[in-house]
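Enquirer: Have a look at this one before I ask anything.
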Amino acid sequence: MDRKQVRQYVKQLQSDSAKERYIAALALGKSKDTSVIPALNKVATLDSNPKVRQIAYQAVKFLSKIKDEDDLRARQAEADALDDDDDDSQSDSGWGVIENILVDDEPEKSESWNYQKSISGEQGKSKNKKKKAKKSRKERRAERRDPKRRRFRFHIWIALLVVSIGALIVAYDYDMRRDWPKNRTEVLDGLDEWYTDVVSQVNLYSLALSQPEFDCGAYPKYDGGDFYLPERPKWAKPDGDDQEGLDAFYNHMDEIYSTMSRVDDVVKGFCDGRDDPRVWPTPTANPKGQIDTLLRDHVGPARIELSKAQQANASPTPEAD
């Protein structure tokens, strides 16, 4: 979608027609243009029509995910560029060019040979050999010690690495858990928000499959499109803190995800890469019936189970006699 179309759809968000605003919000979400997030966010918050608010909210969530990924790639590119600069700055070994390493040791002038000097020279060489021999023994002792030092340094580095990784894991776990619910009330509020998002998406599937023709072009080819189920909160589990007595609720939610996964597979097979509106060959081929059964057997009962838990939590605990 080009910039001109994006501007037209942003302008269309101000239309008096709720249908036109819905279409504009849907198109802007699919444009993957993160610059429209503020405009969509305003519609998601203030629009008078709940369906328009919902589609604008979904578009904001999807575009925000794209923006986060773009920002992450940009930061990674900056980090890679800094690493390249460091490699260039360390490329000089400090030795200089080869001509500076070699030294001219040739004698400047020749001397006549003398026997006495020759004897003295040999004696001097003998003393030097003894010194060199002593030095060699010291060097050998140092060489024997070096492997031990290297092994010691290696173990130190490994220990530091393990400690650093452990600290990062602890920090990440703390950061992840920092926003987790702190008590029963916050748990139930979080589950209510998750349930509401899931049901909203199930209804979107149901609405799309209720039409005479199913628009394969509107079906998402990416995560975060119109038809997807929100990710389950990492803290949401039957044996989690402050989540006792919610097994039935979680069983219903698991069945919702399982059924919608099967519906998703049917729709993908039906469209099979096509992007035009299509009519289902038979009524039974349309998975709308599966969603209707799901709404009756699991979506409604899940709401009942969660409401019972919220009511019990809101009621004061009777004092013991």
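The values are calculated or read from the model by the stated rules, or taken from the named source; none is laboratory data. Quick caveat, the model's predicted, so the values are computed rather than measured. Every residue, glycine among them, receives a Cβ derived from its backbone with ideal geometry; neighbour counts consider all protein chains shown. Protein only, heavy atoms only, side chains kept; ligands, DNA and RNA dropped before computing areas. Shrake-Rupley method; radii C 1.70, N 1.55, O 1.52, S 1.80 Å.
Enquirer: FRET efficiency for Asp276 and Asp241, Cβ-Cβ distance as r, R0 = 56 Å, nearest 0.05?
Expert: Efficiency, from the Cβ-Cβ distance: 0.65.
Enquirer: Just subtract the alpha-carbon distance of Ala312 and Ala285 from 0.36 nm times their residue separation and send over the number in nm, one decimal.
Expert: Details: separation 27, 0.36 × 27 = 9.72 nm, distance 4.25 nm.
Taking Ala312 through Ala285 to full extension adds about 5.5 nm, to one decimal.
Enquirer: Cα atoms only: what Rg and Dmax, in Å, come out for region 191-321?
Expert: That works out to 18.0, 70 Å for Rg and Dmax.
Enquirer: Quick check: with the 1.4 Å probe, what order do Met1, Met253 take by accessible area, largest first? Walk me through the intermediate numbers first.
Expert: Numbers: Met1 110, Met253 0 Å².
Of Met1, Met253, the descending order of accessible area is Met1, Met253.
Enquirer: Order Tyr57, Tyr228 by their accessible area, 1.4 angstrom probe, all chains in place, largest first.
Expert: Details: Tyr57 80, Tyr228 50 Å².
So, going from the largest accessible area down, we get Tyr57, Tyr228.
Enquirer: So what's region 22-75 giving for Cα Rg divided by 2.2 N^0.38 Å, two decimals?
Expert: Working: Rg = 11.2 Å, N = 54, 2.2 N^0.38 = 10.0 Å.
Computed over Cα atoms of region 22-75, the ratio equals 1.12.
Enquirer: Mind giving me the nanometre distance, one decimal, between the label points for Ala74 and Asn49, set 7 Å out from Cα along Cα→Cβ?
Expert: Inter-label distance under the simple model: 3.3 nm.
Enquirer: Find out how many positive minus negative residues lie around Met1, taking Lys and Arg as positive, Asp and Glu as negative, among other residues whose Cβ is under 10 Å from that of Met1. Can you show the working numbers first?
Expert: On the way: positive: Arg3, Lys4, Lys30, Lys32; negative: Asp2, Asp33.
Taking every Cβ under 10 Å from that of Met1, the sum is +2.
Enquirer: So if we plug the beta-carbon distance of Lys67 and Ile156 into 1/(1 + (r/R0)^6) with R0 = 56 Å, what FRET efficiency do we get, rounded to 0.05?
Expert: 0.85
Enquirer: Further, regarding this structure: Given R₀ = 41 Å, FRET efficiency for Lys19-Glu255 by Cβ-Cβ distance, to 0.05?
Expert: That pair, Lys19 with Glu255, gives E of 0.75.
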